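The values are calculated or read from the model by the stated rules, or taken from the named source; none is laboratory data. Everything numeric in this text was worked out from a predicted model, so none of it was measured. As a convention, Cβ positions derive from the backbone with ideal geometry for all residues, glycine included, and neighbour counts pool all protein chains shown.
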């Protein structure tokens, strides 16, 4: 009887020692509380700084700016068509019979925006020693096709429309770049947070394995508990490797968006505070229809298509031009030009049925009708985008509330499982399961919070208020 009491006391003493050791380890176990990482002294880009750098240095945006410069040069080229042209001309001929001819002159040419063109050409000729001085004036007046500013400024109006379209496309590219930059930055932050969570779990699991080894030696834990813990550790380590690879991919993507070298170091930060956005659907739709550049582009395209219909109608007209010419000359070396010639001619040409021109007119009219449909389609697309974005944000708001409550429940389950395991009331199956569930819920909640923050910027994008024009 005495030996039995001593044996029971010995077992009790060993169990007390193990429990004490367990409590010592649990004090820094890490399942319920995360360790705080030390502050970094590295220079870090904020969200606004990264967006500014992207808008300045992004290579695709730089190419877009060069396209804008090219479009501006096209407008300048069309305007220069109506400048005065100075065209020097000279000629000299020799042949075997000793005849010689040379001439020197300059032509001043001007084309007006209504289609009338004229030129003045002073010239000096010498033919076998006979010198001739002359001044010629020519005037061409289109009477049907080719008359009018709408027709003659077609090239200028077309280049202006192309420039406006290029500017709107550049703005859309800026808007898309800002969204991509923000999404990538928050993706990096999301992976950073996940890596921190996984590293904390890895440290906690290593301590759990050490604790389980001690318990196994005293008979308070089984070999199956060790297998579970070690397998869970490998799962978390593999997950950490995958997340780190995704993190590096997003960092490289951000470097490309910022126009940075792939060899450079890049660290970013942004707030992940969750603030629900209150917006009414009708007000949001009204703002979007007023600010979205797609509406403006659709209206402008319709105007341009209507103008093209008028040009195509004008092309059906026959060509009838009035040519007026006047030449004053003298075949002596006198400073006065005493001889003169007058030329008046009426020229006309046209294909009799003009079927190609009529077909082009019908095609232009069809394009105009399509452009009017595109206006309504653009309006409906914008309304649908606004509605979808607001609905998505409302669902995420509810999802965040549910995830927060789910995290509280997962935390309670984890604490209960940890308490039962420490007091030998259960094995570590429930503990590892609770830890896995809590980690998943925390990861999902982080993903939803960051997704909602990105959605707030996307909402501004679909409203047309993300960046100033």
**Asked** Does residue 287 satisfy the condition of being at pLDDT 95 or above and farther than 26 Å from residue 414 by Cβ?
**Response** yes
Screening 295, 320 for residues that are buried (at least 17 other Cβ atoms within 10 Å of the Cβ) and in contact with a strand residue (DSSP E or B) (Cβ under 9 Å, 6 or more places away or on another chain) leaves only 320
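Can you name every residue in the range 77-98 that is more than 26 Å from residue 320 (Cβ to Cβ), at pLDDT 90 or above and not in a helix (DSSP H, G or I)?
Scanning the range 77-98 gives 83, 84, 86, 87, 88.
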Residue 312: passes all of (1) farther than 26 Å from residue 369 by Cβ; (2) free of Cβ contacts under 8 Å to residues at least 60 places away in the same chain but (1)
Matching residues in the range 426-453 (over 19 Å from residue 193 (Cα atoms) and surrounded by fewer than 20 Cβ atoms within 10 Å (Cβ to Cβ)) number 5
In the range 397-425, residues that are loosely packed, with under 14 Cβ neighbours inside 10 Å and within 20 Å of residue 211 (Cβ to Cβ) total 3
The number of residues in the range 272-284 that are in a helix (DSSP H, G or I) and surrounded by fewer than 18 Cβ atoms within 10 Å (Cβ to Cβ) is 3
Exercise for review: Kindly indicate whether any position in the range 136-154 is buried (at least 17 other Cβ atoms within 10 Å of the Cβ), at pLDDT below 95 and farther than 30 Å from residue 317 by Cα.
Suggested key: yes
Across the range 335-371, the tally of residues that are surrounded by 15 or more Cβ atoms within 10 Å (Cβ to Cβ) and in a helix (DSSP H, G or I) stands at 8
Exception for residue 238 within (1) in contact (Cβ under 8 Å) with a residue 40 or more places away in the chain; (2) within 30 Å of residue 192 (Cβ to Cβ); (3) more than 31 Å from the chain's Cα centre (by Cα) falls at (1)
Residue 269 fails exactly one of (1) surrounded by 15 or more Cβ atoms within 10 Å (Cβ to Cβ); (2) within 30 Å of residue 138 (Cα to Cα), namely (2)
